[in-house]
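Nothing in this text is a laboratory measurement; each read-out follows from the coordinates by a stated rule. Everything numeric here is computed off the predicted structure, so don't read it as measured data. Every residue, glycine as well, gets a Cβ built from its backbone with ideal geometry; the counts of neighbours run over all protein chains shown.
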Amino acid sequence: MENIDTPKKAPKSIIIIFGAGGDLTKRKLIPALYHLMQQGLLSKHTNVVGVDRLDSDNETYRNHLSEEIDCFIDKEFFSRDLWDQLISKAHFMQGDFRDPETYKNLKNFLTDIDNKTDTPDNYLFYCATPPSFFGEIAAQLCAAGLSTESDDYWRRLIVEKPFGRDLETARELNKALHQSFQEHQIYRIDHYLGKETVQNIMAYRFGNGTIEPIWNHRYIDHIQITVAESLGVEGRANYYETAGAMRDMIANHLLALMSVIAMEPPNSFNDADAIRDEQTKVLKAIEKFTPEQVLSCAVRGQYGGANLDNGESILGYREEERVAPESGTETFVALKLMIDSWRWSGVPFFIRTGKRMPGRYTEVVIQYKYAPSMMFHKSMDKINHLEPNRLIIRIQPDEGISMQFNAKKPGTIQELSTVDMDFSYSEHFGNAPSTGYETLIYDCLCGDATLFKRADNIEASWAIVQPILDVWQALPARTFPNYKANSWGPDEADTLLKRDGQEDRQWHQIK
Ligand SMILES: NC(=O)c1ccc[n+]([C@@H]2O[C@H](COP(=O)([O-])OP(=O)(O)OC[C@H]3O[C@@H](n4cnc5c(N)ncnc54)[C@H](OP(=O)(O)O)[C@@H]3O)[C@@H](O)[C@H]2O)c1
């Protein structure tokens with residue numbers, strides 16, 4: 001493992017989790033706090049207060065977390081002593097998010113902890129709740145006097161996804177939050193931005209002299225971003241029926257990834273707003289679809305059932321529990337997006353996401369143009385096809401970067417073959433346990449908002465998908481289900497790449 005300088009400990013604070021009895025808390029947040037503590041990044045005076053309507057008390061809540069933790073932390077990295085230290089700082093307060101009494105009690109609860117321990121009044125409020133509570137919790141915290149900062153202490157609010165369900169509701173939520181907290185206090189999470197590889201895209205682009213000069217329309221033919229999931233809705237049908245792949249994945253994760261790939265270099269890497277300015281600028285430069293373009297540049301799909309060769313049968317989306325038998329919810333989306341900028345003139349970005357794909361992975365593929373002169377043309381007749389150079393950034397599960405290029409096969413015949421130069425994160429740096437929330441929680445505690453979304457960034461993303469949502473709502477899909485479970489989506493997604501005489505273009509598929 002490389003020797004990396006240890007960053008400073010996060011300042012002393014109380015982390016208040018609304019939704020302490022929920023899935024996110026046990027699966028991601030508590031394990032992330034444990035990992036931060038293990039890495040020496042959490043002050044030992046950090047306290048955690050869980051708020052939920054769960055019928056519980058301190059002791060029962062601590063026991064509940066201790067029972068669950070084995071499922072969410074790798075045994076190899078688990079130390080009972082360290083866990084006991086963390087859990088001794090966990091507290092539980094029962095309350096309903098809608099009841100003003102909850103916030104009065106919370107204020108007293110927090111003051112009590114401040115007085116008993118050596119913590120200043122730094123409070124991080126984490127809304128790990130259904131999204132309908134985000135605005136209400138912010139307003140109630142403000143009404144209870146818990147959102148006001150001073151020179152001596154800060155108050156911050158983390159808001160989970162989804163942030164609104166369309167442009168209008170995202171604007172309303174921003175407005176509601178701004179009535180209670182200032183923008184610099186609000187941390188809107190997109191856990192994709194917390195992933196090491198996503199952060200590494202910026203390091204890779206702007207930290208290497210050879211990469212950035214060829215990161216533009218002169219050298220790049222097109223870019224693909226794929227987030228493929230092999231699972232179906234897995235008990236989330238109630239939510240998914242109201243969201244679909246466009247709202248669940250494209251409006252946040254895929255556009256966030258695209259903004260990191262396409263942004264211009266910021267003036268400074270130490271200034272969250274300089275980076276977020278560039279990301280917002282590029283999102284605003286993505287051309288909005290006309291209704292005609294929605295029909296030609298946006299593909300939606302829904303999976304049907306399938307019987308696999310191994311004898312397994314997979315239910316179609318409409319046959320899943322709590323899904324309407326004639327549901328029009330899309331479980332697959334592919335889009336062709338263009339950015340109206342000097343750098344990206346004429347370079348399409350093909351982005352897609354789907355459930356029940358044959359693999360679970362996230363990757364970005366930068367496909368370069370062919371060499372200007374096909375010197376090997378004659379010899380290529382034999383193998384019929386010369387692959388283009390591709391830079392593949394793997395985000396999950398096996399994080400790394402590989403460059404595909406053509407090399408001569410050994411022998412007397414001039415024959416080329418595509419080969420890989422591969423960098424694997426885990427092979428080089430070792431495996432560090434992570435839920436993906438460690439960096440985000442740590443950054444928020446340290447007041448660094450770089451990896452969080454700003455109000456204008458969120459609205460710029462919704463402005464891209466809104467015209468598509470509008471057309472899809474007006475014209476319900478008539479061909480659903482239109483792809484088989486365990487396949488790469490509807491045929492139209494393949495045709496999307498090949499339009500305008502680009503017969504050679506095809507989705508990069510993991511082997
Ligand atoms: N779970 C994940 O892996 C994940 C990943 C990414 C983002 N998120 C986001 O994180 C947020 C939380 O998700 P989750 O899966 O943890 O949800 P969840 O399991 O439903 O947890 C929410 C918790 O809040 C409690 N609650 C609901 N209404 C309440 C009220 N009026 N007063 C007090 N407590 C109340 C719930 O209690 P009851 O059980 O009694 O309703 C539950 O314990 C959501 O915005 C979600 O989109 C989750």
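In straight-distance terms, cross-link reach from Lys484 covers every one of the aspartates and glutamates whose alpha-carbon lies under 20 Å from its own, apart from those fewer than eight places away in the same chain; here that gives Glu229, Glu234, Glu241, Asp309, Glu312, Glu319, Glu320, Glu321, Glu326, Glu330, Glu492, Asp494.
Could the peptides 402-409, 15-22 be put in order, highest first, of the mean number of other beta-carbon atoms found within 10 Å of their residues? Could the numbers behind the result be given before it?
Values: 402-409: 14.2, 15-22: 24.0.
Descending mean neighbour count gives 15-22, 402-409.
Computed from Cα atoms, the angle from the helix 272-284 axis to the main principal axis of the chain rounds to 50 degrees. Considering only Gln185, Ile250, Ala262, whose Cα is most displaced toward the positive end of the charge dipole of the chain, charges sitting on Cβ of Lys, Arg (+1) and Asp, Glu (-1)? Of the candidates, Ala262 comes out farthest on the positive side.
What's the longest uninterrupted piece of the chain once you rule out the GluC sites (Glu not before Pro) that are loop residues per DSSP with at most 15 other Cβ within 10 Å?
Details: sites that count: Glu2, Glu234, Glu287, Glu312, Glu321, Glu326, Glu415, Glu503.
In the chain, the maximal stretch lacking such sites is 3-233.
Modelled spin labels at Thr210 and Ser426, positioned 7 Å past Cα toward Cβ, are 2.7 nm from each other. Dimensions of the range 14-160 from C-alpha coordinates, computed as largest minus smallest value along each principal axis and given longest first, are 45, 32, 25 Å.
A simple count of charges around Ile69, restricted to other residues whose Cβ falls under 13 Å of its Cβ and scoring Lys, Arg +1 and Asp, Glu -1, yields +1. Between Lys8 and Asp470, the simple label model (points 7 Å from Cα in the Cβ direction) yields a spacing of 4.8 nm. The distance separating the Cα centre of the range 14-82 from that of the range 166-212 comes to 25 Å.
Electrostatic bookkeeping for Asp121 treats Lys and Arg as +1 and Asp and Glu as -1; over the other residues with beta carbon under 13 Å from its beta carbon, the sum is -2.
Each part reduced to its alpha carbon centroid, the range 441-503 and the range 213-275 end up 8 Å apart. With 0.36 nm allotted per residue and the present C-alpha distance subtracted, the Phe133-Asn310 stretch has 59.3 nm of extension available.
For the chain, relative contact order (Cα pairs under 8 Å, six or more residues apart, normalised by length) works out to 18 percent. Positive contributions from Lys and Arg (+1) and negative ones from Asp and Glu (-1), summed over other residues with Cβ under 11 Å from the Cβ of Pro31, come out at -1.
Multiply the residue gap between Ala143 and Lys408 by 0.36 nm, knock off their C-alpha separation, and tell me the result in nm, one decimal place. Walk me through the intermediate numbers first.
Working: separation 265, 0.36 × 265 = 95.40 nm, distance 7.03 nm.
Net length gain for the segment: 88.4 nm.
Checking the cross-link pairs Lys281/Lys355; Lys28/Lys355; Lys26/Lys281 against a 32 Å limit on the alpha carbon distance flags Lys26/Lys281 as lying beyond it. Taking each of Lys9/Lys336; Lys89/Lys284; Lys369/Lys409; Lys284/Lys498; Lys9/Lys75 in turn, the alpha-carbon distance tops 32 angstrom for Lys9/Lys336; Lys89/Lys284. Figure legend: label point modelled 7 angstrom from the Cα of Glu292 along Cα→Cβ; no residues of the range 456-470 have amide N under 12 Å from it.
Can you tell me how the chain classifies by the Cα gyration tensor, rounded, prolate or oblate, using a/c under 1.5 as the rounded cut?
Values: a/c = 1.81, a/b = 1.58, b/c = 1.14.
Judged from the Cα gyration tensor, the chain comes out prolate (a/c at least 1.5, a/b above b/c).
Go through Ala463, Ser345, Leu315 and say which Cα lies farthest out towards the positive end of the charge dipole of the range 193-498; charges sit on Cβ, +1 for Lys and Arg, -1 for Asp and Glu. Among Ala463, Ser345, Leu315, the one farthest towards the positive end of the dipole of the range 193-498 is Ser345.
Return Asp81, Asp99, Asp273 ranked ascending by Cβ neighbour count within 10 Å, so the fewest neighbours appear first.
On the way: Asp81 6, Asp99 12, Asp273 16.
Fewest-to-most ranking of Asp81, Asp99, Asp273: Asp81, Asp99, Asp273.
Can you compute the charge dipole magnitude of the chain about its Cα centre, using +1 on each Lys and Arg Cβ and -1 on each Asp and Glu Cβ, nothing else charged? Give it in debye, rounded to the nearest 20.
Values: 56 positive and 74 negative charges, 201 e Å.
In debye, rounded to 20, the chain gives about 960.
Between Val419 and Thr117, the contour length at 0.36 nm per residue exceeds the Cα-Cα span by 102.8 nm.
Relative to the longest principal axis of the Cα atoms of the chain, the long axis of helix 167-178 lies at roughly 30 degrees.
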